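The values are calculated or read from the model by the stated rules, or taken from the named source; none is laboratory data. No experiment lies behind these values; they were computed from the predicted model shown. A quick note on method: Cβ atoms are made from the backbone with ideal geometry, for glycine too, and the neighbour counts reach across all protein chains shown. These accessible areas exclude ligands, DNA and RNA; they are computed on the full protein's heavy atoms, side chains included. Shrake-Rupley method; radii C 1.70, N 1.55, O 1.52, S 1.80 Å.
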Amino acid sequence: MSSDPQRIKQLLFTLIYNSMKYTSNGFIKVEAKIKEKLGFDFVIKIKVSDSGCGMNNNIADGLFELFRNV
């Protein structure tokens, strides 16, 4: 995904907020790795994981569709 810093910040905030909302016990883990450098641009991998209740496959499959609210 190609994006600007504000959108990435918004996405991270939402993912971390949802992890906090649905994880009363356990862990929340945020990882970021630079996968590739392309001139002044970077390809990064960001992973948010937690020990919360999770979501079913129907919700997960459509998570990044436009205008999808879960």
Number of positions in the range 45-58 that are among the hydroxyl-bearing types (Ser, Thr, Tyr) and either within 12 Å of the chain's Cα centre (by Cα) or more than 20 Å from Gly26 (Cβ to Cβ) (or both): 1
Evaluation of Phe42 against (1) over 15 Å from the mean Cα position of the chain (by Cα); (2) in a loop (DSSP other than H, G, I, E, B); (3) among the aromatic types (Phe, Trp, Tyr) (one fails), failing number: (2)
Residue match in the range 50-62 (condition: acidic (Asp, Glu) and open to solvent by 70 Å² or more (accessible area, probe 1.4 Å)): yes
Val30 vs. criteria in contact with a Leu (Cβ under 7 Å, 6 or more places away or on another chain), part of a strand (DSSP E or B) and open to solvent by less than 100 Å² (accessible area, probe 1.4 Å): no
Single unsatisfied condition, Gln6 versus (1) surrounded by 10 or more Cβ atoms within 10 Å (Cβ to Cβ); (2) not in a loop (DSSP other than H, G, I, E, B): (1)
